[in-house]
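**Q** Have a look at this one before I ask anything.
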Amino acid sequence: MVAATRLDVLSALQPLRIAHVITRLINGGADENTVISCNEAVRSGHQVVLVHGAQTRPEILATVDERVNIVELPSLMRPIAPLGDVKALGDLVRTFRRLRPDVVHTHTSKAGILGRLAAHVARVPVVVHGVHIVPFVNGGRLETFAYLTAERAVQGMTHAFIDVSPGVRDLCVKAGVGAPERHHVVESGFDLSRFRVAKQPGDWRELLRLEPDDPRPPVVLMLAVFEARKRHLELLERLPGIAARFPRVRFVFAGDGSLRDAIATRVRTLGIERNVVLTGFHPHPEQLIALADICLLASAREGLPRVLMQYLAGGKPAIAPALPCIDDVLRHDVNGLIVRSDDLDGLADAVVALLDDPARRARLARGAETTQLSEWDAARMGERLEAVYADVIRERVPQHLPGSREAVTS
């Protein structure tokens, strides 16, 4: 981790030209992290460009600071497509040569590979990669091999890795992706105060589809993009049993994505329409957390998902699978419950256990409220990213300002 005192290096430098690169901008943790990184940098006086692919959501684009220059590259797509990826690589090279950034900071796996290759070809002085998820863990053998091969191929072009947790860093180092000294842990920041003081939505009765005289039901919330690795469909299979035991329970799934129609269809097929609420994108996730009694994560793969910290910042107990980095912040039977990553039946049992035990639920909520989360503050994240940039610049261009790229060897 870079010491805070390294920030004084920046005081001797001109404002940096920073290009952030991500494949898509949807309502996911990595996407929100990227936008916050851009916003914090531009607020610190840097010139920032956000380069993204064609898949976007207007609501997240609306959160980008107006001073950030946005560049869309339609060729940059998430699915692997050799011909399209070659075009995307060329488009990124031309974009970097035109923008002449001092720093390229890539995010997510596909943009990370192509972005770092392009930055190397374009002779960008400083290349940083944000590791939000470890793609070669909990995947198939072929997928693991492909990701590891690609990551190892570009690690020599990467001057620093930004890891969202110590666990993510350790997994990368163990796999031979980047030397230990190149890895820096910077937790994925957000506006902590927004979640700590949130109130439940004013229309909560309508949202939960309650009749005027209905008592408030227990609410179980999952905030997650509707895509396969979040395992909504698998979780749904366990809900009829829970609903039979707790007929008034409401499961609120907030988010959107490619599986939205499949999830809605499965809810109807299982006959649990009364118990399951699909909100779509919700502009105030903090209000949904304030409404919830229990918060869930069911993902098969994650880095250290920032939504988990948002749950805890809202003072709500969380139930999550034992992913490689989850115990960096979630403590079993202290601020939530951890179940085996391959055991969604166990996750359902944990939900039942908390629904059935209000006293235990209240104790875990108190544990959530007192969880130390200051490292996840958005402003703190911005400061620490600047410290990493400054550290690399001092190493690579010790006697020159960022614009003096003729002193940098590729």
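**Q** Would you kindly derive the ³J(HN,Hα) couplings of region 293-305 from the backbone phi angles with the Karplus curve 6.51 cos²θ - 1.76 cosθ + 1.60 (θ = phi - 60°), listing them in order in whole Hz, with x for Gly and Pro?
**A** In residue order, the calculated couplings are 9, 9, 10, 10, 9, 10, 4, 7, 9, 7, x, 10, x Hz.
**Q** Past the 29 Å Cα-Cα mark, which pairs from Lys87/Lys174; Lys199/Lys230; Lys110/Lys174?
**A** Lys87/Lys174
**Q** Which of Ser193, Ser341, Ser37 moves the most in a Gaussian network model of the chain with Cα springs under 10 Å?
**A** Ranking Ser193, Ser341, Ser37 by mean-square fluctuation puts Ser193 first.
**Q** What is the chain's relative contact order, in percent, from Cα pairs under 8 angstrom and six or more apart in sequence?
**A** Across the chain, relative contact order equals 17 percent.
**Q** Taking the Cβ of Glu72 as the centre, find all other residues whose Cβ is under 11 Å away and add up their charges (Lys, Arg: +1; Asp, Glu: -1).
**A** Residues near Glu72 contribute 0 overall.
**Q** Next up: Taking Cα atoms of the chain, Rg/Rh with Kirkwood Rh, to two decimals?
**A** For the chain, the value is 0.99.
**Q** Quick one: net charge around Val131, please, counting Lys, Arg +1 and Asp, Glu -1 for every other residue with C-beta under 9 Å from its C-beta.
**A** With Lys, Arg at +1 and Asp, Glu at -1, the net is 0.
**Q** Assuming R0 = 60 Å, can you tell me the calculated FRET efficiency for the pair Ile80 and Arg194, based on Cβ-Cβ distance, to the nearest 0.05?
**A** My answer for the efficiency is 0.95.
**Q** Further question: Would you please give the residues with an amide H less than 5 Å from that of Thr106, counting only those at least 5 places away or on a separate chain, with H modeled from the backbone geometry?
**A** HN-HN under 5 Å from Thr106: Val21, Val128, His129, Gly130.
**Q** Return the long-range amide H neighbours of Val339 (sequence gap of 5 or more, or a different chain), with a cut-off of under 5 Å between placed amide H atoms.
**A** Residues meeting the criterion, in which the H sits 1.01 Å from N, are Ala320, Ala322.
**Q** Right, next: Which far-off residues, 5 or more places away or on another chain, put their amide H under 5 Å from the one on Val277, with H placed in the peptide plane?
**A** When sequence neighbours closer than 5 places are left aside, the close amide H contacts are Phe251, Val252, Phe253.
**Q** May I pose another question? Which whole-Hz ³J(HN,Hα) couplings does region 196-207 yield from phi under the Karplus relation 6.51 cos²θ - 1.76 cosθ + 1.60, θ = phi - 60°, glycine and proline marked x?
**A** The phi angles translate into 6, 10, 5, 10, 5, x, x, 9, 4, 5, 5, 4 Hz.
**Q** Sorted by average packing, counted as other Cβ atoms within 10 angstrom per residue and highest first, what order do 356-369, 324-337 take?
**A** Averaged packing, sorted descending, gives the order 324-337, 356-369.
**Q** Taking springs between alpha-carbon atoms closer than 10 angstrom, which of Thr371, Thr144, Thr269 fluctuates most in the Gaussian network model of the chain?
**A** The residue with the greatest mean-square fluctuation here is Thr269.
**Q** Compute the distance from the alpha-carbon center of region 233-311 to that of region 109-187, in whole Å.
**A** If you average the Cα positions of each part, the centres end up 31 Å apart.
**Q** Further question: Using a simple spin-label model with points 7 Å from Cα along the Cα→Cβ vector, what separation in nm is obtained for Ala175 and Arg67?
**A** Placing both labels 7 Å along Cα→Cβ, they lie 3.6 nm apart.
**Q** Moving on to the next point. Considering only Ala244, Ala264, Ala30, give the residue with the highest GNM mean-square fluctuation for the chain, with springs between Cα atoms whenever their separation is below 10 Å.
**A** Ala244
**Q** For region 167-247, with all protein chains present and a 1.4 Å probe, just round the carbon and sulfur fraction of the accessible area to a whole percent.
**A** About 53 percent, which is the carbon plus sulfur part of the accessible surface.
**Q** Additional query: In whole Hz, with x marking every Gly and Pro, tabulate ³J(HN,Hα) for region 343-350 from phi via Karplus 6.51 cos²θ - 1.76 cosθ + 1.60, θ = phi - 60°.
**A** Per residue, the Karplus-derived 3J(HN,Hα) values read 10, 6, 5, x, 5, 4, 4, 5 Hz.
**Q** Let me ask something else. Report the full-extension gain for the segment Asp349 to Glu206: residue separation times 0.36 nm, less the Cα-Cα distance, to one decimal in nm.
**A** 48.6 nm
**Q** Continuing with this model, one more query. With a 1.4 Å probe and every protein chain left in place, work out the accessible area per residue of the chain in Å², rounded to a whole number.
**A** Per residue, the chain has an accessible area of 42 Å².
**Q** Something else about it: If we count every other residue with Cβ under 9 angstrom of Phe281's Cβ, Lys/Arg +1 and Asp/Glu -1, where does the sum land?
**A** -1
The values are calculated or read from the model by the stated rules, or taken from the named source; none is laboratory data. Values in this document were obtained by computation on a predicted structure and should not be read as measured data. Ideal geometry is used to build each Cβ from the backbone, glycine not excepted, and the neighbour counts take in all protein chains shown. These area figures cover heavy atoms from the full protein model, side chains too; ligands, DNA and RNA do not enter into them. Shrake-Rupley method; radii C 1.70, N 1.55, O 1.52, S 1.80 Å.
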